[in-house]
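**Student:** Have a look at this one.
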Amino acid sequence: MYINFWYPICRSDELAQSEPLRSKLLGTQYVVFRDTDDQPHVLSDTCVHRGGSLSKGKVIGDRIACPYHGWQYDGEGKCALVPSLGDKKPPGRAKVDSYPVQEKYGIVFAFLGDLPEAERPPLYEIEEYDDPAWREHEIIMLELDCFYERSMENGIDPIHNEFVHPAQGSPQPVAGSVSYPETPWGSGVHGNYTETGTKRSDKHGMKADTTFLNAGTWHHGPNTLITWITFKKDTSLHQYLFEAPIDGDRTKIYFVNLRSFRLGPENDERIRNANVYVTGEDISILENLYPVRTPATRVRELLTPGDQTILRYRDFLDDWTSRGWRLDWKRMQANQGDVAYAIPSPARNKSGNWVLDAVPLLAAESGSVDSAA
Ligand code: FES
Ligand SMILES: [Fe+2]
């Protein structure tokens with residue numbers, strides 16, 4: 001798991017004003033609340049006084065009040081009031097970690113890290129999101145007993161389809177059409193396909209015309225997965241999976257789906273059900289992988305040329321590890337309940353959530369203990 005990326009914290013419609021919400025990601029608890037302007041804020045859930053859970057407290061105006069002794073924190077995490085001190089100013093270290101927030105696609109995202117704005121990897125931009133030629137149905141929420149990197153690797157794996165999704169037939173790539181596009185923050189595969197032996201009926205309007213059938217899938221950062229499929233002229237599905245690693249064993253997925261056909265809302269449920277069905281096929285594989293987390297070294301698995309996209313994804317992870325962004329999950333687990341007050345972000349060392357042994361919670365090298373099962 002990595003700091004310094006945008007992670008989905010909750011859906012917008014879950015976050016009512018004056019109702020704080022608790023969300024767990026990267027093995028750490030956060031409180032999310034809206035201020036009087038409806039702006040969401042994400043803070044560490046742990047009150048620096050004596051460990052109260054802020055998400056169990058109250059929103060008072062633009063602040064969140066701890067349920068234990070009433071300390072009030074503003075949206076930047078600064079403590080503005082300590083009731084037991086009367087008129088005295090709260091101590092300078094009375095501050096909890098706060099994280100940059102963006103609300104988009106019906107999701108509240110937090111940047112869990114400490115990079116300055118200009119250096120942050122961007123949140124993935126869905127350009128067609130507000131385009132009337134596209135229709136999205138409600139976000140599909142999935143919670144899986146699997147490690148998110150396993151889920152990401154499944155998404156960019158082009159060779160599992162014919163086995164895990166038999167109704168899709170066994171599409172074969174058109175010779176010379178396959179490419180492996182790259183961006184500064186991701187990689188994937190794209191190609192045109194001839195469909196052989198498909199068993200898919202046209203009941204969802206997605207039966208392919210092989211003149212047009214093309215598909216691409218790629219990752220953006222460690223936790224955003226994109227799949228585009230064009231079945232026939234003007235008939236495309238775009239799927240965006242924003243993955244939230246709850247901890248080393250569980251993953252929550254916010255699945256945003258757009259389509260360029262059957263735009264009427266009366267089709268939402270059918271298309272949604274088709275998506276849920278296919279995703280269920282993936283989940284039944286993912287929840288039974290062993291070991292739960294990807295092995296620490298590549299030689300522990302027998303990778304073949306068909307796994308090329310997986311290797312590229314792992315190259316990107318290694319690069320982010322070399323920048324010091326990888327969480328040492330094994331060490332975090334060993335310290336759980338003791339030092340995991342907030343994610344270890346060295347630039348936040350002025351916050352009261354900072355602990356001296358936070359730095360070693362970031363892995364130093366590629367293939368470190370985070371991924372050891
Ligand atoms: S623990 Fe939060 S105010 Fe005391
Ligand atoms: Fe799949």
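Laboratory data are not the source of any read-out in this text; all were calculated from the coordinates shown. All values reported here derive from a predicted model rather than from experimental measurement. When we count neighbours, we look across all protein chains shown, and the Cβ atoms used for this are built from the backbone with ideal geometry, even at glycine.
**Student:** Could you line up Cys146, Cys47 from fewest to most neighbouring Cβ atoms inside 10 Å? Don't jump to the answer; show the numbers that get you there.
**Tutor:** Details: Cys146 21, Cys47 28.
The most exposed by this proxy come first: Cys146, Cys47.
**Student:** Projecting each Cα onto the charge dipole of segment 135-293 (Lys/Arg +1, Asp/Glu -1 at the beta carbon, about the Cα centre), which of Phe242, Tyr148, Gly191 comes out farthest on the positive side?
**Tutor:** Checked the options; the winner is Gly191.
**Student:** How large is the translational diffusion coefficient of segment 22-84 in µm² per second when you combine the Kirkwood radius over alpha carbon pairs with Stokes-Einstein at 20 °C and 1.002 mPa s?
**Tutor:** Translational diffusion coefficient: 187 µm²/s.
**Student:** Would you give the gap between the C-alpha center of segment 57-125 and the C-alpha center of segment 31-53, rounded to a whole Å?
**Tutor:** After rounding, the separation between the Cα centres reads 5 Å.
**Student:** Projected area of the chain, taken from the Cα convex hull and averaged over every viewing direction, in nm²? Mind showing how you got there, number by number?
**Tutor:** Details: hull surface 77.1 nm².
Averaging across all directions leaves 19.3 nm² for the Cα convex hull.
**Student:** Continuing with this model, one more query. If amide H atoms are built 1.01 Å from N in the plane of the peptide, which residues on other chains or at least 5 residues away come under 5 Å of the amide H of Lys58?
**Tutor:** Close amide H contacts, sequence-distant or interchain: Ala65.
**Student:** Quick one: among Gln239, Gln72, Gln172, which has the greatest mean-square fluctuation in a GNM of the chain with alpha-carbon springs under 10 angstrom?
**Tutor:** Among Gln239, Gln72, Gln172, the largest GNM mean-square fluctuation belongs to Gln172.
**Student:** If you don't mind, another one. Can you tell me the dipole magnitude for the chain around its Cα centre, using point charges on the Cβ only (Lys, Arg +1; Asp, Glu -1), in Debye to the nearest 20?
**Tutor:** Dipole magnitude for the chain comes out near 780 debye.
**Student:** Which semi-axes, in whole Å and largest first, does the equivalent ellipsoid of segment 135-293 have when worked out from the alpha carbon gyration tensor as the square roots of 5 times its eigenvalues?
**Tutor:** Those come to 24, 19, 15 Å.
**Student:** Right, another one. Normalise the Debye intensity by I(0) for segment 28-135, one equal point scatterer per Cα, no solvent, then take log10 at q = 0.10, 0.16, 0.21, 0.24 Å⁻¹ and round to two decimals.
**Tutor:** Calculated log10 I(q)/I(0) at the listed q: -0.35, -0.75, -1.09, -1.30.
**Student:** Roughly how big is segment 135-293's charge dipole about its Cα centre, with Cβ charges of +1 (Lys, Arg) and -1 (Asp, Glu), in debye to the nearest 20?
**Tutor:** 540 debye
**Student:** Could you tell me how many degrees, from 0 to 90 and to the nearest 10, lie between the Cα long axis of helix 308-322 and the main elongation axis, the longest principal axis, of the Cα atoms of the chain?
**Tutor:** 20 degrees
**Student:** Moving on to the next point. Note down the net charge around Gln39, summing +1 for each Lys or Arg and -1 for each Asp or Glu among other residues with Cβ under 11 Å from its Cβ.
**Tutor:** On the way: positive: Arg34; negative: Asp35, Asp37, Asp38, Asp62, Glu103.
The answer is -4.
**Student:** Report the number of Lys pairs in segment 135-293 whose alpha-carbons are under 25 Å apart, with separation of 8 or more residues or on distinct chains.
**Tutor:** Final tally of qualifying lysine pairs is 7.
**Student:** Next question. What aspartates and glutamates sit close enough to Lys56 to cross-link, taking a C-alpha to C-alpha distance under 18 Å and skipping anything fewer than 8 places away on the same chain?
**Tutor:** Glu14, Glu19, Asp35, Asp45, Asp74, Asp97
**Student:** Select from segment 284-327 those trypsin sites (Lys or Arg not before Pro) which occupy a DSSP coil region and have at most 14 other Cβ atoms within 10 Å, ordered by residue number.
**Tutor:** Arg323
**Student:** For segment 157-170, take each phi angle, set θ = phi - 60°, evaluate the Karplus expression 6.51 cos²θ - 1.76 cosθ + 1.60, and give the result in whole Hz per residue in order, putting x for glycine and proline.
**Tutor:** Result, ordered by residue: 8, x, 9, 8, 4, 5, 8, 8, 10, x, 5, 7, x, 9 Hz.
**Student:** Going by how many other beta carbons lie within 10 Å of each one, how would you line up Val31, Val178, fewest first? Display every interim value, and only then the final one.
**Tutor:** Working: Val31 27, Val178 14.
With the fewest neighbours first, Val31, Val178 line up as Val178, Val31.
**Student:** Another one. In which sequence would Tyr148, Tyr254 go, from the one with the fewest C-beta neighbours within 10 Å to the one with the most?
**Tutor:** With the fewest neighbours first, Tyr148, Tyr254 line up as Tyr254, Tyr148.
**Student:** Going by amide H atoms built from the backbone, whose H comes under 5 Å of the H on Ala363, apart from near neighbours?
**Tutor:** The list, which skips near neighbours in sequence, is Arg326, Leu327, Asp328.
**Student:** So, one more: Which residues' amide hydrogens lie under 5 Å from the amide hydrogen of Gln29, considering only partners 5 or more residues apart or on another chain, with H built in the peptide plane?
**Tutor:** Asp45
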